[in-house]
Structures are given as C-alpha cells and as structure tokens.
Amino acid sequence: IAYFPSESSMNLLKFKRKEILPPGLFLDIPEMPLKKNVIFYAGGLKKPYNLEPVLQAVENLNKIKVIKFHIFCRKNDLRFIEKWSDKEWLKIEHKNLYDLNFRPHISVISSDDSYQAIARSVKMLDYIRLGSPIIISDAYENSKFLKEYNIGLIAKPNDAKSFYLQLKKYFTDDTLSENLHMNVKKLQKSKELKWTTRCEKVLSDLGVMN
C-alpha cells in the first residue's frame with residue numbers, strides 16, 4: 001500500500017493500491033491564554049518559506065493599529081530578515097513550536113513552493129493544535145482544507161498587499177476573528193483528524209484490526 005498526504009499527490013503516481021493519509025492532530029491540545037493582536041510564525045525564513053510579504057504587511061498594519069509579530073526560528077536563518085530585526089513590533093526567539101506558551105491571534109503559512117499545492121501542510125495542523133486561526137498563501141490543498149472548515153484567510157502568494165488587506169480585515173472585524181477561533185476550537189475536537197484515527201486506518205488496511 002502506498003500512502004499519500006492528499007488526492008492531488010496520490011494522482012501523480014501509479015501504484016497497485018493507493019490510499020490518502022493526510023497529517024493529523026496530536027491528542028494533547030494545550031489550553032493557553034490568547035494574545036490579542038499577535039501574529040505568530042514558526043519555521044524557516046529563507047526561500048521557499050517567503051516571509052518577506054508578511055513582514056511588509058505587518059509594517060503597514062502598524063500604521064493603523066499596533067500589531068506584534070512573534071517568530072520562532074533557527075539562529076542561522078536570522079540573516080534572511082536582518083533588515084527587519086530592529087522593528088519594535090517584531091519579536092524573534094529561537095525556540096521549538098512546542099515551547100509556545102500563548103495562543104496567537106492568528107498564525108502564518110507563507111510558503112510559495114509547489115509542494116503546498118499538492119499536500120496539506122503539517123504546520124497547519126500544528127497551528128490548529130495551538131487554537132489559532134491561520135492566514136496562508138493560496139495553495140490548492142491548504143486552501144481547500146482551510147475553506148472546508150472556515151478556519152482562516154487566504155492571501156495571494158508573495159503579495160504583501162494581499163496579506164495586508166486580509167490581515168487588516170481580520171484585525172478590524174471582531175466577529176470574523178471570533179468565528180474563526182470558534183471554528184478552530186471545534187476542529188480540535190474532530191476525531192477524524194487525530195493521529196490515532198490515522199494509525200487505526202493503517203492497521204485496518206494491513207488487516208491487523210478486525
């Protein structure tokens with residue numbers, strides 16, 4: 001049996017038996033306090049992660065509202081955003097995602113690589129685990145999942161203006177923000193998305209479970 005993270009990726013290759021097995025949620029869902037007006041990102045800073053349009057968008061947002069951008073990244077990656085390092089609204093720490101002790105107002109996936117179009121991002125599930133809505137660069141599989149459960153916003157890839165407009169809408173519309181947070185909370189409870197359910201499927205496919 002060959003397992004693929006999405007229908008799009010499964011259709012690219014031929015195997016006698018193929019199954020879809022997307023990334024899942026871990027069982028431990030932390031209860032953390034919400035930090036309003038804080039955008040969060042964890043991961044790499046070079047291409048194809050492409051955080052530059054988000055940084056430009058946040059700078060413009062701060063002309064109308066105080067918005068903080070909190071980043072967890074590797075020390076070696078700092079050189080890719082060095083020109084932004086002295087911004088008052090930017091906080092950078094070299095920590096693991098699981099060290100986060102607050103719930104972000106919204107989290108970011110800005111990658112513009114082709115893989116995002118054919119496979120759901122694991123990071124999207126990590127952010128859902130945190131209880132955070134997500135703003136993403138438009139990519140087929142990620143966008144399809146986000147729209148299905150209504151848990152975030154979609155910006156044009158590598159487009160600072162698009163990120164700015166979507167984030168401005170989010171931070172100036174309390175009803176929108178509250179609804180997206182509520183939808184994420186509902187999704188956290190979905191048995192279908194848990195890694196345990198994924199494992200049960202594999203065991204069933206292999207004939208281990210009756």
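General observations
- Option label - Cα extents along the principal axes in Å computed here, alternatives [x] 64, 38, 27; [y] 47, 40, 31; [z] 59, 33, 29: [z]
- Contact order for the chain, expressed relative to its length and based on alpha carbon pairs under 8 Å spaced 6+ residues apart, stands at 24 percent.
- Net length available on complete extension from Asn76 to Leu206 is 42.6 nm, with 0.36 nm assigned per residue and the Cα-Cα distance removed.
- Prolate/oblate/rounded call for the range 151-209, Cα gyration tensor, a/c under 1.5 rounded: oblate
- Rounded percent of accessible protein surface that carbon and sulfur make up, the chain, 1.4 Å probe: 52
- Length added when fully stretched, Lys63-Lys169, from 0.36 nm per residue minus Cα-Cα: 36.7 nm
- Spacing of the two label points (7 Å from each Cα toward its C-beta) at Leu34 and Tyr98, in nm: 2.7
- Overall form of the range 107-210 per C-alpha gyration tensor (a/c, 1.5; a/b vs b/c): oblate
- Label-point separation in nm, Thr196 to Glu7, each point 7 Å along Cα→Cβ: 2.8
- Per residue, the range 1-50 exposes 60 Å² of accessible surface when a 1.4 Å probe is rolled over the protein heavy atoms with every protein chain present.
- Segment Lys83-Asp138, length gained on full extension (0.36 nm per residue, minus Cα span): 17.2 nm
- Take the range 102-210 with all the other protein chains still there, run a 1.4 Å probe, and you get 46 Å² of accessible area per residue.
The values are calculated or read from the model by the stated rules, or taken from the named source; none is laboratory data. Note that the coordinates shown come from a computational prediction; the quantities given were computed from them, not determined experimentally. Note that we place each Cβ from the backbone using ideal geometry, even for glycine, and neighbour counts take in every protein chain shown. Only protein heavy atoms, including side chains, enter the accessible area calculation; ligands, DNA and RNA are left aside. Shrake-Rupley method; radii C 1.70, N 1.55, O 1.52, S 1.80 Å.
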